[in-house]
Amino acid sequence: MPTDILLFDIPTAVSRPNSPNTWRVRLALNYKRLNYRTQWVHVSAIEATCKPLGILPTGVKPNGQPLYTLPAIIDRTDASNPVILSNSIPIIEYLESAYPSAPGAELFPGGTKAFQILVVQFVAIKLLTFVSKLGMGAMYRSKPASEQPSLRAKIEARFGKPLEEVEAKGAEREAAWKELEQTMKFVQDAFERNDSGVFLMGRQVSCADFALFGSLFFFKEI
Ligand SMILES: N[C@@H](CCC(=O)N[C@@H](CS)C(=O)NCC(=O)O)C(=O)O
């Protein structure tokens with residue numbers, strides 16, 4: 001079906017997009033073979049880009065101000081009724097209801113919403129926390145050089161120390177690597193318990209895979 005969807009994603013200095021949350025939506029759009037274009041928005045310009053377009057914030061900053069994040073989409077397929085959304089999972093829910101997958105290929109197979117959301121939370125809480133301990137420097141270097149000064153300032157304000165001191169060092173670093181290894185082993189063991197297929201739900205790909213793979217793409221690139 002011809003669609004007119006604009007995906008807002010974050011540019012990088014590496015070979016492909018590497019934002020775990022935007023990957024979720026990119027994977028859903030690709031899976032559904034929907035036509036879309038990407039508008040690349042530097043992290044420092046997310047709020048200034050989203051606000052005037054009516055894209056809502058997805059959270060609140062520590063100082064109480066609204067937090068604007070990507071992914072976001074504007075779907076102008078029905079030009080008289082554009083759909084403007086932020087937050088990866090609500091976006092995928094929207095895509096699933098506006099452009100339903102064939103029976104047996106749904107991204108939220110019947111009765112599995114709670115399972116999908118729990119996996120998304122596992123990824124957000126368990127996997128992505130390793131970034132600050134082990135990958136902050138690599139993540140910083142993966143951003144375009146023009147973006148690095150504002151990103152450095154943001155990271156240093158958030159952690160209250162120089163960027164170079166954010167990652168774990170010495171024994172603490174060794175322990176973080178061990179914990180990451182155990183976490184990945186846990187994920188591998190979970191997959192191996194399935195008796196068929198390569199996805200979390202066996203033969204059927206679902207939103208939970210996109211959340212997991214978005215993070216793995218990110219880890220691979222940084
Ligand atoms: N709950 C949001 C989180 C999105 C999010 O944190 N996106 C990151 C990029 S992967 C972002 O935009 N960060 C900008 C910032 O923290 O200023 C979602 O699932 O879309």
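The values are calculated or read from the model by the stated rules, or taken from the named source; none is laboratory data. Keep in mind that this is a model prediction, so the values were computed, not measured. Positions of Cβ are backbone-derived with ideal geometry, glycine not excepted, and every protein chain shown enters the neighbour counts.
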**OP:** Hey, can you tell me all the residues within segment 42-60 that are surrounded by 13 or more Cβ atoms within 10 Å (Cβ to Cβ), under 17 Å from the mean Cα position of the chain (by Cα) and farther than 24 Å from Y99 by Cβ?
**Re:** H42, V43, I46, P57
Original post:
Pick from segment 97-123 the residues that are under 30 Å from P52 (Cα atoms) and touching a residue at least 40 places away in the same chain (Cβ under 8 Å): which of them is farthest from the chain's Cα centre (by Cα)?
Top reply: Y99
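Residues are listed down the side, and each one gets a yes or a no for (1) hydrophobic (A, V, I, L, M, F, W, C); (2) buried (at least 16 other Cβ atoms within 10 Å of the Cβ):
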{"residue": "P71", "(1), (2)": "no, yes"}
{"residue": "D78", "(1), (2)": "no, no"}
{"residue": "S88", "(1), (2)": "no, yes"}
{"residue": "S101", "(1), (2)": "no, yes"}
{"residue": "G111", "(1), (2)": "no, no"}
{"residue": "V120", "(1), (2)": "yes, yes"}
{"residue": "L127", "(1), (2)": "yes, yes"}
Subject >> Sole exception among (1) surrounded by fewer than 15 Cβ atoms within 10 Å (Cβ to Cβ); (2) within 14 Å of the ligand (Cβ to nearest atom) for S19, by number >> reply: (1)
Original post:
Failed condition for V131, given (1) β-branched (V, I, T); (2) touching a Phe, Trp or Tyr at 6+ places or on another chain (Cβ under 9 Å); (3) at pLDDT 95 or above, with all others met?
Top reply: (3)
**OP:** Among the residues of segment 203-222, write down those that are of a type outside the set (F, W, Y) and within 13 Å of the ligand (Cβ to nearest atom).
**Re:** C207, A211, G214, S215, E221, I222
Original post:
If we only count helices (runs of 4 or more DSSP H) wholly inside segment 127-201, which ones have 2 or more residues that are within 19 Å of G214 (Cα to Cα)?
Top reply: 136-141, 170-193
Subject >> Which numbered condition T38 fails, given (1) of a type outside the set (D, E); (2) more than 11 Å from the ligand (Cβ to nearest atom); (3) touching a residue at least 40 places away in the same chain (Cβ under 8 Å); (4) surrounded by 13 or more Cβ atoms within 10 Å (Cβ to Cβ) >> reply: (3)
Subject >> Yes/no for P71 being modelled with pLDDT under 95, within 8 Å of the ligand (Cβ to nearest atom) and under 15 Å from the mean Cα position of the chain (by Cα) >> reply: no
Subject >> Residue count, segment 1-54 (criterion: farther than 28 Å from R141 by Cα, of a type in the set (A, V, I, L, M, F, W, C) and assigned to a loop (DSSP other than H, G, I, E, B)) >> reply: 2
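Assess whether L118 counts as being away from the ligand (no atom under 14 Å from the Cβ), outside any loop (DSSP other than H, G, I, E, B) and either modelled with pLDDT of 95 or more or over 27 Å from R152 (Cα atoms) (or both).
It is true that L118 is away from the ligand (no atom under 14 Å from the Cβ), outside any loop (DSSP other than H, G, I, E, B) and either modelled with pLDDT of 95 or more or over 27 Å from R152 (Cα atoms) (or both).
Quick check on my filter: what residues within segment 76-100 are under 25 Å from L212 (Cβ atoms), away from the ligand (no atom under 12 Å from the Cβ) and not in a loop (DSSP other than H, G, I, E, B)? Write out each step before concluding.
Within segment 76-100, the subset under 25 Å from L212 (Cβ atoms) is 85-100.
With away from the ligand (no atom under 12 Å from the Cβ) added as a condition, the list becomes 94-100.
Result: Y94, L95, E96, S97, A98.
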**OP:** Can you give me the number of residues within segment 37-60 that are modelled with pLDDT under 95 and either more than 26 Å from A13 (Cα to Cα) or touching a Lys or Arg at 6+ places or on another chain (Cβ under 6 Å) (or both)?
**Re:** 0
